[in-house]
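Inspection log for the structure reproduced underneath, given as C-alpha cells.
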Amino acid sequence: MNASALLLPLAGGVLIGLSSGLLLLLSGKIAGISGILDGAVSLRVGRWSWRAAFLAGLIAGGAAVAFIAPQRFPTSLPQPPPYWIGAGLLVGVGSRLGSGCTSGHGVCGLGRFSVRSLVSVCTFVTVAAVTVYVTRHMIGGAP
Amino acid sequence: MIAVLVAFLLGALFAIGLGIGSMTLPAKIIGFLDVTGAWDPSLVLVLGGAVVTYAVMYRMAIGRGRPLFADAYVLPGQNRIDVPLVAGAAIFGIGWGMSGFCPGPAIVALVTGKTEVLSFVAAMIVGMWLHDGIAAWRQREASAAANLPVTGSADG
C-alpha cells in the first residue's frame with residue numbers, strides 16, 4: 001500500500017472532522033447528515049435555512065470534486081433502480097429511527113465518546129458487512 | 001445570514017473531505033465491508049481522521065461554553081440504548097450494505113446525475129417522511145390515550 005492510499009483517506013477524514021467540528025463551534029449544531037436532511041425536507045423544524053444551506057454546500061462541494069477529480073465518483077452502478085430505491089428507503093427509515101448515520105453517530109457520536117453511538121456504529125457496521133456478504137458472495141456477486 | 005453562509009461553506013468542506021477520502025465511491029465502502037474479500041481499509045482511515053479531529057474540536061467547543069455565532073449547543077439529549085437505536089441501526093446497515101451509500105455521500109453524488117443516485121436519494125427522503133409520519137402518529141395516539149377522561153367505575 002503506498003503513502004497516498006493511506007494519507008488521502010486520513011486527510012479526507014480530517015476535513016470531515018473539521019467541518020463537523022466547526023459546525024459545532026460556530027453554530028452549535030451536530031453534523032449528522034441524516035438529521036440535517038430530515039430537518040430540511042420536513043420543514044416543520046424552525047429555522048430550516050441553515051440545513052438547506054449545508055445541503056446546498058454538500059452539492060456545491062460535490063461539483064468541485066467532480067470538476068477536479070471526477071474519478072472520485074462511480075462510473076457505473078450496475079444494479080437496477082428498484083435496488084437503489086429499496087436501499088434508499090432502508091437508509092432513510094433506519095437513519096431516522098436510529099437517530100443518526102455514519103456522520104451523526106460515527107463521527108460526532110464517537111468523537112464525543114458516546115456509548116449510544118458506539119452501539120449504533122457497531123450494529124450498523126456488522127449488519128452492513130453481513131449484507132455485503134449476502135449480496136456480493138451469495139446472491140450472484142456484483143462488483 | 002452568517003449561519004446560512006457558514007453552513008454552506010462547511011457543507012462544501014464536508015463534501016470535499018468525502019471526495020478526498022474517496023467515500024463518494026460505493027466500491028470503497030463495499031470494499032471495507034467486504035471482510036471476506038479484498039479488504040479496503042479506506043473507511044477506517046477516514047473515520048479515524050474524522051473522529052480524532054472532531055474529538056479535539058468537541059473538547060474546544062465544550063470548553064468555550066457556547067458557540068461563536070449561536071446561543072447554545074444543540075446536543076443530543078438521549079443517553080439510553082433502546083430498541084429504536086438498535087433497530088434503526090440494523091435497518092440502516094442493510095441499506096448501506098446494499099448500496100455503499102449513506103446520506104452524505106449520496107447527496108454529494110447527486111452531481112453525477114445518475115438515475116441510481118437520484119432514485120436512492122429520493123427513496124431516502126421518502127423513507128424519512130415515512131418514519132417521521134409514523135412517529136408523529138404514534139405520538140398523537142400516545143397523547144390521546146394519556147388524555148382519556150376517567151370513566152367512573154373501577155371495572156370500567
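Read-outs throughout are calculated quantities, based only on the coordinates presented, and are distinct from any laboratory measurement. In this text, all values refer to a predicted model and were calculated from it rather than measured experimentally. When we count neighbours, we look across all protein chains shown, and the Cβ atoms used for this are built from the backbone with ideal geometry, even at glycine.
Tabulated values for the structure
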quantity: Chain B: angle of helix B:83-99 to the longest principal axis, Cα-based, in degrees nearest 10; calculated: 30 degrees
quantity: Helix B:115-146 vs. chain B, principal-axis angle (Cα, 0 to 90°, nearest 10); calculated: 20 degrees
quantity: Within chain B: Cβ-based charge dipole about Cα centre, in debye rounded to nearest 20 (Lys, Arg +1; Asp, Glu -1); calculated: 420 debye
quantity: Normalised convex hull volume, segment B:1-103, alpha-carbon set, Å³ per residue; calculated: 141 Å³
quantity: Share of Cα-Cα pairs in segment B:56-156 lying beyond 16 Å, as whole percent; calculated: 76 percent
quantity: Between helix B:2-20 and chain B: long-axis angle, C-alpha atoms, 0 to 90°, nearest 10; calculated: 50 degrees
quantity: Total charge dipole magnitude, chain A, about the Cα centre, Cβ charges on Lys, Arg, Asp, Glu only, Debye to nearest 20; calculated: 300 debye
quantity: Centre separation in Å (Cα based) which lies between segment A:1-74 and segment A:110-131; calculated: 20 Å
quantity: Per residue Cα convex hull volume in Å³ - calculated over segment A:3-120; calculated: 150 Å³
quantity: Within chain A, longest stretch clear of exposed trypsin sites (Lys or Arg not before Pro) (DSSP loop, no more than 12 other Cβ within 10 Å); calculated: A:48-143
quantity: Residue-averaged [θ]222 nm for chain B, counting only DSSP H segments that reach four residues, each worth -39500 (n - 2.57); calculated: -22500 deg cm²/dmol
